[in-house]
Amino acid sequence: MDSKPSAELGRKPPTPVKIVIAGGFGVGKTTAVASISEIPPLRTEAAMT
């Protein structure tokens, strides 16, 4: 089986998308990003005292 680019097969290449995740403090935004991301998210939270 020969490998051909998607354009030659009549398929469109994947379309990049952006997703906005918004919410209040401590609702799971970072957890949601971590679960769908291929790389670990940058964590900048300070420890609560």
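The table for this structure:
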{"quantity": "Cβ-Cβ FRET estimate between Lys12 and Ser37, R0 fixed at 22 Å, reported to 0.05", "calculated": "0.35"}
{"quantity": "Estimated inter-spin distance, Thr49 and Val20, nm [label 7 Å along Cα→Cβ]", "calculated": "3.5 nm"}
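Values in this text are rule-based calculations from the coordinates and carry no lab data. No experiment lies behind these values; they were computed from the predicted model shown. Every residue, glycine as well, gets a Cβ built from its backbone with ideal geometry; the counts of neighbours run over all protein chains shown.
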